[in-house]
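The values are calculated or read from the model by the stated rules, or taken from the named source; none is laboratory data. Since the model is a prediction, treat every value here as computed from it, not as a measurement. Neighbour counts are summed over all protein chains in view; Cβ atoms, including those assigned to glycine, are modelled from backbone coordinates with ideal geometry. These accessible areas exclude ligands, DNA and RNA; they are computed on the full protein's heavy atoms, side chains included. Shrake-Rupley method; radii C 1.70, N 1.55, O 1.52, S 1.80 Å.
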Amino acid sequence: MNLNKFFILIAAAAVTSFTGCKGSSSADTSAQRSFSRDLFAMDTYMSVRSYGGDESALDSAENCIRDLENKLSATISGSDVSRINSGGGKPVEVSDDTAAIIRKAVETGSLTGGALDVTAYPLVREWGFTTGSYKIPSQERIDSLLASVDYRKIVLNGNTVTLPDGMLLDLGALAKGYTGDKVIETLRENGADAAIISLGGNVQAFGEKPDGSAWKVAVRDPFTPDNDMCTIEIGEKAVITSGNYERCFTGDDGKVYWHIIDPADGFPADNGIVSATIIGDEGLTCDALSTAMFVEGLEGACELWKNDRSYDMILVTDDSRIFYTEGIADSFTNLTSMPAEVIPVD
């Protein structure tokens, strides 16, 4: 199974690993009752832990996840995305949720000069990352598919989406981030006082831990993904990573290829970044930026951040260096022997 963007969460003094099958449990803490549920949705493992209120908040959270999966999946027949892709170039009316994500996708594509392009789905599929039947496409085939990749051709008018015939859309680079925002909102509305969630590793939290301390999140080491690279402490934030270790294969040429495609050339992005983590207030924005920063490379990612320091980030380069922003400097703990430095503002 795909354990996309997987993190290990550390709550209180114990490690809480978010894996497993669907289920629920509750436990007393020093301050309030906690409830947790594990499930599989959006092609990944998810876990939700809430504090305060009652277990019905988890039911609402799970219903929220299932509803969004049925709207946003590119492979579920009748979903908003499937209807857009099979629309033959005709306008398609979609939900508020789908329209909001597409709007953010186009906005981020424009912001990053196309580093995030949600119309690159045919290339992702051609490489086999959606099916597991991996292959290295011919240059001719890649060039042919690139002709149909251009987020600027998406027309969004209110909740009506028009995609040119022959183009395909996939919102996977943003869907879990948006879902995290909605799950947090749902838990709040249903009486939870605090929560921490892992949606395929997209970590998001609100409120405080029962002991009043910050949430601690450990980010995977892209070179040894079974190990943690660093920890950071967060409040009401989302922490989302894109890494080259998530879905990858080794070709007959001995080279490793990963699922994050560079829309500029149709090949897996190879611009010097092996892991990009974004920490911010909104899961949707963090999810979109984590993919874009991975594609941008170190220099481009740093320039983008310097123009908008409303979020923090951790970048790992292919020569084993860690760069992180000043906003998390006080809570960043390096667990590796890799050199780590704060990205200069100037």
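Among the numbered conditions (1) without any contact (Cβ under 8 Å) to a residue 40 or more places away in the chain; (2) more than 23 Å from Ser331 (Cα to Cα); (3) among the acidic types (Asp, Glu), the only one that Glu208 does not meet is (2). Can Thr277 be described as farther than 22 Å from Tyr121 by Cβ and open to solvent by less than 10 Å² (accessible area, probe 1.4 Å)? Yes, satisfied.
Here Ser331, Ser320, Ser310 are screened, and the one residue that is surrounded by fewer than 12 Cβ atoms within 10 Å (Cβ to Cβ) and either part of a loop (DSSP other than H, G, I, E, B) or modelled with pLDDT under 95 (or both) is Ser310. Taking the stretch 263-289, which residues are closer than 22 Å to Arg152 by Cβ and in contact (Cβ under 8 Å) with a residue 60 or more places away in the chain? Scanning the stretch 263-289 gives Pro263, Ala264, Asp265, Gly266, Phe267, Leu284, Thr285, Asp287, Ala288, Leu289. Name the residues in the stretch 221-269 that are open to solvent by 40 Å² or more (accessible area, probe 1.4 Å), of a type outside the set (A, V, I, L, M) and either out of contact with any strand residue (DSSP E or B) (no Cβ under 9 Å at 6 or more places or on another chain) or in a strand (DSSP E or B) (or both), would you? Selection gives Thr224, Asp228, Glu233, Cys248, Thr250, Asp252, Asp253, Gly254, Lys255, Asp265. Scan the stretch 67-98 residue by residue and report those that are among the acidic types (Asp, Glu) and either part of a helix (DSSP H, G or I) or buried (at least 17 other Cβ atoms within 10 Å of the Cβ) (or both). Once the filter is applied, which keeps residues that are among the acidic types (Asp, Glu) and either part of a helix (DSSP H, G or I) or buried (at least 17 other Cβ atoms within 10 Å of the Cβ) (or both), the stretch 67-98 yields Asp67, Glu69, Asp80, Asp96, Asp97.
Please work out if Cys286 is modelled with pLDDT of 95 or more and part of a helix (DSSP H, G or I). Taking the combined requirement at face value, the residue satisfies it.
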